[in-house]
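All remarks here apply to the structure that follows.
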Amino acid sequence: MLLLTGTRASQTGDALKIINNDSTDAISGTFASVTESGTPSSGGDVYLSGYTGGDGNDLALTGQTASVPTVVTAAAGTVATSGTTIALSVLGAGEFGASDLTYTWAATQIPTGAGSPTFSVNSTNAAKASSATVDFPGAYTFEVTITDGAGLSTTSDVNVTVNQVPTLSVSAASLTVGAGQSQQLEVSEVDQFGDDMDTTDATWSVAGTDSGTIDTDGVYTAPSDANGTYTITATNGSASATATVTVPVSSPDLSAAESSDGSGIDVSWDFSDTASNNATGFDLVRAVNGSSSYSEIAASLDSTFGQLH
């Protein structure tokens, strides 16, 4: 391996002969670090290497004009929908071609409380397109250093703001509430990093006709004269979450006891559900001596108390 160190007052076109081949044949082999038409450098001096220098078969380094890389496309950053990664990009140009450049990203400003971002790829030529992973919302500044093979470099910066991405949830995704009864619901919200967010401005609504009511505190009251399945929605800013509430069909309260004179059985009922599919009341049937065969006693009873003998 040929190792170049130090500096020299070279001029463009100035040749430094490394091997003076006193034979007429070509040099056999090459140095691993010095290729034909390569661009080795030392101390900021850049050379063009060749094995046909001098009188045609010498290893010579010819001084080149070193120029700082330029920024073709400035650094840019786009926050992903998830809010946890940032797509970073930049493009530079150098004297010795695009493949000669190395891109190194660093976060020069991060929010208070944030950890250092990590990069999917860095300090390589491929890092001209990288991704930064962050763990906190707020303002970030990323700087990329574009370096050529001679060690000359330039920089480009981009400012990126990571906003909170909220996820809202309701304490119960589904619930059953009896007719005329009430149920308390709670709402909570976290951002993409799992940190709690303020829900004091959350609002509630319930969809559907005769679907009941829900107040500003999240207390749902089922309708007393209807049944069905309804959707409750909690909204906080741009986030929302839903819960499904079922109000079941009411069943009549029945009681039976032997009549005071022993001649029969007194049956009393209270059926106050006047929902459309039960508006006519219910049927009362009986089985004789434990038989599985039932016979109707009365049909379409109204929603009042009564006795049957």
Report task. In nm, give the distance between the simple-model label positions of Ala139 and Thr161, each being 7 Å from the Cα along the Cα-to-Cβ direction. Result -> 0.9
Query - Mean projected area (nm²) of the alpha-carbon convex hull when region 70-162 is viewed from all directions - result: 5.3
Requested in this report: Please sort 115-126, 137-148, 78-89 by packing, taking for each peptide the average over its residues of neighbouring beta carbons within 10 angstrom, highest first.
Outcome: 137-148, 78-89, 115-126
Requested in this report: Express in nm, to one decimal, how much length is gained between Ala74 and Thr242 on full extension, taking 0.36 nm for each residue of separation and deducting their alpha carbon distance.
Outcome: 56.1 nm
Query raised in the report: Under a plain spin-label model, where a point goes 7 Å from the Cα along Cα-to-Cβ, how far apart in nm are Ser205 and Thr231?
Result: 1.1
Query raised in the report: Under a plain spin-label model, where a point goes 7 Å from the Cα along Cα-to-Cβ, how far apart in nm are Thr213 and Ala129?
Result: 5.8
Query raised in the report: For Met197 and Ser153 in one chain, what is 0.36 nm times their gap in residues minus the Cα-Cα distance, to one decimal in nm?
Result: 11.5 nm
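Each reported figure results from applying straightforward, stated rules to the coordinates on display, with no laboratory input. Since we're looking at a predicted model, the values are computed, not measured. Backbone-built Cβ (ideal geometry, glycine too); neighbour counts: all protein chains shown.
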